[in-house]
Amino acid sequence: MLPLKQVWPAEAATRYRAAGHWRGETFPGFLRQRAAAHPGALAIIGGTQRWSYAELQARAEAAAAGFLALGLRPGDRVVVQLGNIPEFFTAVFGLFRAQMVPVYALPAHRQTEISHFLRKSEAAGYICADRGPDGFDYRALARDLRAAVPALRHAVVVGDAAEFTPFEQLDGNRAALPGDPDPAAVAFLQISGGTTGLSKLIPRTHDDYIYSFRASNEICGVTQDSVHLIALPAAHNFPMSSPGHMGTLHAGGRVVLSPSPAPDVAFPLIARERVTISGLVPPLALLWAEAAPRTPHDLSSLEVLLVGGAKLTPEAARRVQDALPCKLQQVFGMAEGLVNYTRLDDPDALVLETQGRPISADDEVLILDDLGRPVPEGEAGHLLARGPYTIRGYHNDEAANARSFTPDGFYRTGDIVKRTPEGYLVVQGRAGDHINRAGEKISAEEIEDHLLAHPNVFDAAVVSVPDEFLGERSCAFIIPRGDKPRAVALKTWMRGRAIAEFKVPDQIVLVEAFETTAAGKISRKELRARLRARLLAEESGQQ
Ligand code: OOB
């Protein structure tokens with residue numbers, strides 16, 4: 001299969017190379033270099049395993065040779081659904097080494113999502129673990145996927161593989177391994193948060209992604225002395241590259257994998273491994289802030305805590321800063337590219353009240369009104385971005401590309417932001433209809449589609465509602481048909497749709513009809529806005 005390309009105009013690519021952003025580095029290339037320079041340094045710590053760079057490199061090569069021996073070919077896409085276990089790194093560096101393209105799924109995804117990723121990426125392989133920490137059996141999922149997606153040729157399982165290929169036994173002829181990939185080729189496909197319908201696939205190249213975490217390392221102070229606790233799912237873009245495990249490995253530091261972000265799991269790891277940096281979504285940062293003053297574990301090694309993925313309010317930021325013995329750094333990023341950070345030497349006012357400024361002097365940011373005109377400085381508008389690590393288009397999705405990118409290549413982020421006089425962004429909200437549930441993005445449309453498949457649902461509208469703990473939660477308004485469905489039963493039925501648990505509506509409200517205007521029907525967007533406003537008014541009236 002030909003390598004996938006992500007196309008920047010030649011002029012922009014030349015400029016990014018000349019500026020030293022794109023240096024021709026690749027994933028297999030940088031791991032090989034680190035392993036040669038510091039073979040004995042610890043790279044990955046997870047469960048009972050402690051792997052040096054040399055060991056990670058050797059395991060990745062064995063996996064790469066094993067993938068080829070199975071019959072997978074360079075260019076093949078392989079969906080990787082692994083949690084925070086060391087094998088995640090063997091799998092993805094093995095795929096990189098064999099010039100295959102990982103497609104990153106989250107452990108929470110189920111058959112509906114994974115089969116969509118497999119089809120959309122035309123994947124030939126799927127890698128999962130036997131079971132998740134919650135007991136979920138991914139082999140049962142692999143069976144369903146094989147039946148549903150005939151193009152899926154290989155399922156590889158970490159642990160007890162049953163009838164599938166055992167991950168631990170992957171090996172083959174190293175001499176058959178290809179050379180290093182083209183740095184301009186797509187290295188992997190990330191999953192979009194999904195504003196409309198199903199998730200889109202985000203192609204990231206070696207050049208652009210490595211630039212984003214190399215530059216993040218500088219901004220977040222990551223060096224070979226850093227010990228990075230990965231508490232969020234390793235496949236998510238934030239813990240992967242902001243500066244994430246990839247940034248840490250690029251710097252020659254240590255990655256410590258936490259099977260859960262809960263303080264009772266993460267805090268002992270911080271103390272034992274002398275963790276210096278970690279990243280969390282706001283609800284978890286608040287949980288850590290609650291637990292930190294009472295913990296018997298020594299957290300004094302922590303230097304930096306990054307918080308992002310959803311809005312951290314100034315009050316919440318203050319609480320986190322006061323309770324934890326480290327610097328707070330806000331991060332506002334997206335898997336499509338653009339990432340903003342507050343800087344480590346910024347004054348409190350910027351750290352607590354803004355979501356930072358872009359990584360790169362070559363990040364171009366526009367803030368536009370509804371008609372596409374720049375807003376006056378300091379006013380809120382739609383954020384658009386273009387730059388050396390922001391994609392120019394989704395994988396294999398013309399319709400989404402027409403919606404999400406301007407003709408001159410700016411990505412419409414869907415976020416509403418303001419810019420401060422210092423050039424820092426403050427996130428005000430979203431233009432699109434999605435729910436940011438503790439950093440997990442849920443498309444209202446996708447959930448409405450599922451609900452409409454229920455025989456007793458005449459119509460459904462899904463909205464986000466402010467939530468003290470989650471930031472936002474989902475509420476589904478349902479017009480029943482025939483027997484009124486009960487909320488509990490409807491939730492159970494939704495689980496039967498084989499979707500990620502976080503997509504099951506938190507709240508269900510039955511209504512007789514949706515509003516219309518004198519002129520007739522109103523748009524879905526307007527309808528969702530009205531329903532949301534009504535619910536909030538009712539809730540505040542009850543207090
Ligand atoms: C990160 O990436 P995604 O792709 O899961 O979600 C991106 C969206 C943004 O467009 C924005 O709506 C929201 O998540 N978001 C924030 C935020 N960080 C992300 N909204 C308010 N404040 C923040 N600090 O979520 C992501 C990727 C890389 C680094 C950090 C987060």
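The values are calculated or read from the model by the stated rules, or taken from the named source; none is laboratory data. The structure displayed is predicted, hence computed values, not measured ones. Using ideal geometry, Cβ is built from the backbone for each residue, glycine included, and neighbour counts are taken over all protein chains shown. For accessibility, only protein heavy atoms count, side chains too; no ligands or nucleic acids. Shrake-Rupley method; radii C 1.70, N 1.55, O 1.52, S 1.80 Å.
Annotations
- Between VAL488 and ASP348, the simple spin-label model (points 7 angstrom out along Cα→Cβ) gives 4.8 nm.
- Here region 295-366 is treated with +1 on each Lys and Arg Cβ and -1 on each Asp and Glu Cβ, and its dipole about the Cα centre works out to around 220 debye.
- Gain in span if fully extended, VAL511 to ARG174, counting 0.36 nm per residue against the direct Cα distance: 115.0 nm
- The peptide list 137-146, 79-88, 337-346, put in order of mean Cβ contacts within 10 Å with the highest first, becomes 79-88, 337-346, 137-146.
- Averaged over its residues, region 156-265 has an accessible area of 29 Å² per residue, based on protein heavy atoms and a 1.4 Å probe.
- Ignoring lysines fewer than eight residues from LYS491 along the same chain, the ones with Cα atoms less than 30 angstrom from its Cα are LYS120, LYS200, LYS311, LYS441, LYS503, LYS521, LYS525.
- Taking label points 7 Å from Cα along the Cα-to-Cβ direction, ARG403 and ALA36 give a separation of 4.7 nm.
- Carbon plus sulfur fraction of accessible area for region 88-235, probe 1.4 Å, in percent: 50 percent
- For the pair GLU468 and ASP144 in one chain, pulling the backbone fully straight at 0.36 nm per residue adds 112.9 nm over the alpha carbon distance.
- For the chain, the square roots a ≥ b ≥ c of the C-alpha gyration tensor eigenvalues yield an a/c under 1.5, which makes the shape rounded.
- Phi angles across region 6-23 convert, under the Karplus curve 6.51 cos²θ - 1.76 cosθ + 1.60 with θ = phi - 60°, into 3J(HN,Hα) values of 10, 9, 9, x, 4, 4, 5, 4, 4, 5, 5, 6, 5, 6, x, 6, 9, 10 Hz, Gly and Pro given as x.
- The listed peptides 276-286, 369-379, ordered by packing as a protection proxy, come out as 276-286, 369-379 (highest mean of other Cβ atoms within 10 Å first).
- Going by accessible surface with a 1.4 Å probe and the largest first, GLU445, GLU440, GLU218, GLU273 read GLU218, GLU445, GLU440, GLU273.
- Over region 34-80, Cα pairs under 8 Å with separation of 6+ residues give a relative contact order of 26 percent.
- With helices as the sole contributors, the chain gives -10000 deg cm²/dmol at 222 nm; each DSSP H run of n ≥ 4 counts as -39500 (n - 2.57), and the sum is divided by every residue.
- Comparing region 239-336 with the 2.2 N^0.38 Å rule of thumb, its C-alpha radius of gyration ratio is 1.02 (two decimals).
- Part-to-part distance (alpha-carbon centres) for region 72-124 and region 206-248, which is given in Å: 20 Å
- Computed over region 140-228, the P(r) curve from all C-alpha pair distances, binned at 10 Å from the origin, holds 12, 20, 36, 26, 5 percent per bin.
- Karplus (6.51, -1.76, 1.60) ³J(HN,Hα), θ = phi - 60°, over region 385-398, in Hz, Gly and Pro reported as x: 9, 8, x, x, 9, 10, 5, 9, x, 7, 6, 6, 7, 4
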